[in-house]
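One structure is given below, encoded as structure tokens.
The values are calculated or read from the model by the stated rules, or taken from the named source; none is laboratory data. From a predicted model like this one, the values you see are computed outputs, not experimental measurements. Here the Cβ is made from the backbone with ideal geometry for all residues, glycine too, and neighbour counts use every protein chain on show. Just so you know, the surface numbers come from the protein's heavy atoms only, side chains and all, with ligands and any DNA or RNA stripped out. Shrake-Rupley method; radii C 1.70, N 1.55, O 1.52, S 1.80 Å.
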Amino acid sequence: MDAKQVVFSYIDQHRDDIVALLKQMVAYPTVNDGESEGNELPMQEFFAEQMRHARFDSVVMKAYDAEGKRPNVVATRKGRGGGRSLAFNGHSDVVPISYPDRWEFPPFSPEVKDGKLYGRGTSDMKGGLAAAYYALKALADCGIALKGDVVLHSSVGEESQSAETIGAERAVKELYHTDFAIVCEPSNLEVQIASSALVFFNLIVQGKGVHVSAVNQMRFPQPGGLLSGNEIAVDAFRKSLPFVAYFNRLEVEWNHRYRDKVLGYGGKGGHDQQGVGVFTMNPAFIHGGEYLGTVPSQMKYTYSIWYPDRLVSRDELLDEIRRGVAAIASTDDWLREHPPIIEAPVIQDWPGFSVPEEHPGVQTLCGAVEAATERHSVISGFRAVCDAYYLGRQGVPAVVLGPGALNNNVHGDNEFIYIDDLIAAAKIYAAMAIDWCEVAE
């Protein structure tokens, strides 16, 4: 039996142990609320201790936040020399729970049902971390030594784009550098060689408030010399609706105008489980109105744009939005004098990553997928943003492959992961380490 089959058999035998580990990890409420604080420390300490027990050659905990409470964990299995190095990266933080009463099981009390494990962070992305850990544990327990080093990096702050300050990029700059990396984000076990980029903008539409009893005078011409129309009030909500319609139309037009052969194209070697279409314009936040008895005098929309920056730049898209908003405003008496405000970028401005399909790491990973699953590998794109961009910026080519899926209720209610995918990911990671780093004699 060759090395891969030995490891695959070990992983199958430890299926329940892998699920149990993921349950323990999910039980830590490592919520990152997008502000100044996160809660990764308890899980990071637990995970570091697991790797010490698994006899990694080094386990480093390093925090870069001001209070030293949000550590990265970087564990390394040293190779015997002469092989290429590999990193597995994943973030330990998760997004907040908006509606806990909508969950079938409490979000941090994971439960198995119908072949799925439910809990916040199962797919995004503690499942990937657990699979990578067990892949490397399997290699060690089966006595398979590698020529190249393998690193497992559990980072912090990803959900708030903190890689540069306290998370993945900071750790890569100071703690390790490898020839290739796999970011274990949920990918349906597809080999995702590029990702969307992300930028947010604000649209602010000004109106003029008045008591709601005067709405009739605002809407209709009045007899007898009474004031009416904009002299009385301006409903900012109604004034904003043409811009909302414009953004809806623009989203569709961009999806037809720009075609990326990896992102949203249908997949290569099989069907992309994320579906076609790459542009998304989502109204993440909508704020308006001042009082329950007042016509709203301001509306503020915060939109996210997910786009292929391999094809079109952020500034090109934002300039088109500004031109369109100005054109619509020019058709309205009030808005000509009080033009809407576009603020951009705001909140996050996150480029995508891209690695050529011909890269040896991509080709090796495709072979690992086929060896572990006995199915054709699928090359596609990641329809979100992740720390692969920051690893690439530090000279570590990084792609995405992980168990789970963005449509497994990630960032929503009742997030889950298929246990079969979790086990398959561990096998893929082990096969990748064997083929990329090479087995030592």
What is the distance in Å between the Cα centres of the range 314-330 and the range 338-413? 28
Restricting to DSSP H runs of at least four residues, report the calculated mean residue ellipticity at 222 nm for the chain, -39500 (n - 2.57) per run over all residues, nearest 500 deg cm²/dmol. -10500 deg cm²/dmol
Which order, highest average first, do 340-347, 143-150 follow once you tally other Cβ atoms within 10 Å for each residue and take the mean per peptide? 143-150, 340-347
DSSP beta bridges in the chain, what fraction antiparallel, as a percent rounded to 5? 75
Enter the per residue convex hull volume of the chain, computed from alpha-carbon coordinates, in Å³ rounded to the nearest integer. 151
Could you give the size of the charge dipole of the range 243-344 about its Cα centre, using +1 on the Cβ of each K and R and -1 on the Cβ of each D and E, expressed in debye and rounded to the nearest 20? 400
Compare Trp436, Trp306, Trp334 by solvent-accessible area with a 1.4 Å probe and give them largest first, with all protein chains kept in place. Trp306, Trp334, Trp436
Give me the net charge for the shell around Glu357: Cβ to Cβ below 11 angstrom, other residues only, Lys and Arg +1, Asp and Glu -1. +1
Share (percent) of C-alpha pair distances in the range 39-172 greater than 24 Å works out to 36
Total charge of the residues flanking Ala135 in space, meaning their Cβ is under 12 Å from its Cβ, with Lys and Arg +1 and Asp and Glu -1, is +3
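Which whole-number percent gives the relative contact order of the range 157-312, counting Cα pairs below 8 Å spaced six or more residues apart?
30
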Any chance you could run the full-extension gain for Phe220 through Gln13? It's 0.36 nm times the residue separation minus the Cα-Cα distance, nm to one decimal. 67.0 nm
Working from Cα positions, state the angle (0 to 90°, nearest 10) between the long axis of helix 3-13 and the longest principal axis of the chain. 70
Quickly rank 82-89, 410-417, 425-432 as a protection proxy: mean count of other C-beta atoms within 10 Å, highest first. 425-432, 82-89, 410-417
So, R0 is 22 Å and r is the distance between the beta-carbons of Asn414 and Leu241; what FRET efficiency does that work out to, to 0.05? 0.10
Under 25 Å from the Cα of Lys239, which lysines turn up, not counting those fewer than eight places away in the same chain? Lys208, Lys300
Violations at 29 Å Cα threshold for listed pairs Lys69/Lys126; Lys173/Lys268; Lys4/Lys78; Lys78/Lys173; Lys147/Lys173; Lys147/Lys268 -> Lys173/Lys268; Lys147/Lys268
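Given Cα pairs under 8 Å that are at least 6 residues apart, what percent is the relative contact order of the range 50-125?
Relative CO of the range 50-125 lands at 19 percent.
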Per principal axis, descending, Cα span of the range 379-441 in whole Å: 48, 31, 17
Stokes-Einstein D for the range 203-285, Kirkwood Rh over Cα pairs, 20 °C, 1.002 mPa s (µm²/s): 130
Please determine, in degrees from 0 to 90 and to the nearest 10, the orientation of helix 127-141 with respect to the longest principal axis defined by the Cα atoms of the chain, where the helix direction is its Cα long axis. 10
